[in-house]
Amino acid sequence: MSRRMLVAGNWKMFTTSGEGVILIQDLTGLVRDCWDEVEVAVCPPFTGLKAASTVIEIDGLSIALGAQDMHWEAEGAFTGAVAPRMLTDLRCNYVIVGHSERREYFGETNETVNNKVRAVFGAGMVPIMCVGESLATREALETESFVRNQVMEGAAGLDSAQASKLVVAYEPIWAIGTGRTPTPEAANDVCRSIRATIGAMYGPPAATSVRVLYGGSVKPENAKMFFDEPDVDGALVGGAALKADSFAGIVKAAL
Ligand code: 13P
């Protein structure tokens, strides 16, 4: 089993393009020694992708680039939306799909998530598909069935090669930006169940290859606890990804 750890920064609606370039350059100085062992990705807002892509290319950085959302149609009259080839044109490697903030504030459903997941693969990029339960769902002891359903509906209709490349980020909604986290064991239980669901859908090789990240209040101080768990293959980081030293601390915890 040789899944490469992935530490991805979701910058959400923070940073201008200039601020993003500085963040990438500061980060590079701190994590350059880690690239061989840990995959590092940054996901700026749409407006920062061009500048980020340029600095990554010109400085020859081994940092992957991701967008935070995408429309599934190739093009069309969808004001404000961004199409797959606009992102491949900027050399994006990843697209975050179905973040809980998009589900909550922008009406994403498992169906639109699935449209996007398939379109991201169709364009030759890799989706980071986010799943995770609310506090009410957790307290009702329905986390695993809720998340299983998100995975089954969100990751439907792939071929097994795509399923093997998929990244799923398990982000309990109650842990995002709150400083609260599940125990590493509890996070691992859900990550293992996600892997099993992919296995049931696409077979054992896909289960072995799919990378499952944990996200929600990951910090340099707690990252290693999660990374030590067998079914956690990295992290999707919000707030702590906006400072080069804290993001680098999380990357180093994955070594
Ligand atoms: P925080 O790391 O700020 O809790 O955010 C997690 C997240 O939503 C990443 O996508």
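All of the numbers you see were taken from the coordinates with simple rules; none came from a lab. Here the structure is a predicted model, which is why all the values come from computation and not from measurement. So basically every Cβ, Gly included, is an ideal-geometry build from the backbone, and we count neighbours across all protein chains shown.
Details
- For the range 21-31, the tally of residues that are within 16 Å of the ligand (Cβ to nearest atom) and farther than 26 Å from Arg211 by Cα stands at 0.
- The lone criterion from (1) surrounded by fewer than 23 Cβ atoms within 10 Å (Cβ to Cβ); (2) more than 23 Å from Pro172 (Cβ to Cβ); (3) of a type outside the set (Lys, Arg); (4) within 15 Å of the ligand (Cβ to nearest atom) left unmet by Pro44 is number (1).
- Residue count for the range 43-58 under the criterion of being of a type in the set (A, V, I, L, M) and not in a helix (DSSP H, G or I): the result is 0.
- Residue count for the range 61-82, restricted to those that are within 26 Å of Leu23 (Cβ to Cβ) and surrounded by 16 or more Cβ atoms within 10 Å (Cβ to Cβ): 10.
- On the stretch given as the range 6-19, residues that are surrounded by 13 or more Cβ atoms within 10 Å (Cβ to Cβ), more than 16 Å from the ligand (Cβ to nearest atom) and of a type outside the set (Val, Ile, Thr) total 2.
- Gly132 vs. criteria at positive phi and either surrounded by 17 or more Cβ atoms within 10 Å (Cβ to Cβ) or of a type in the set (A, V, I, L, M, F, W, C) (or both): yes
- Pairs, first over 8 Å from Pro44 (Cα atoms) and in a loop (DSSP other than H, G, I, E, B) in the range 1-21, second more than 12 Å from the ligand (Cβ to nearest atom) and basic (Lys, Arg), C-beta under 9 Å, six or more apart: Arg3/Arg211; Arg4/Arg211
Each row is one residue, and each column tells you yes or no for (1) more than 16 Å from the ligand (Cβ to nearest atom); (2) more than 18 Å from the chain's Cα centre (by Cα); (3) surrounded by fewer than 21 Cβ atoms within 10 Å (Cβ to Cβ); (4) acidic (Asp, Glu).
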| residue | (1), (2), (3), (4) |
| --- | --- |
| Met125 | yes, no, no, no |
| Ala161 | yes, yes, yes, no |
| Lys165 | yes, no, yes, no |
| Arg180 | no, yes, yes, no |
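- Filter result (in a strand (DSSP E or B) and out of contact with any strand residue (DSSP E or B) (no Cβ under 6 Å at 6 or more places or on another chain)) within the range 115-130: none
- Residue within the range 72-81 that is free of Cβ contacts under 8 Å to residues at least 12 places away in the same chain and of a type in the set (S, T, N, Q) present: yes
- If the condition is being surrounded by fewer than 19 Cβ atoms within 10 Å (Cβ to Cβ) and more than 10 Å from the ligand (Cβ to nearest atom), then the range 208-228 contributes Thr208, Pro220, Glu221, Asn222, Lys224, Met225, Asp228.
- Every residue from the range 69-97 that is more than 16 Å from the ligand (Cβ to nearest atom) and among the hydrophobic types (A, V, I, L, M, F, W, C): Trp72, Ala74, Ala77, Phe78, Ala81, Val82, Ala83, Met86, Leu87, Leu90, Cys92
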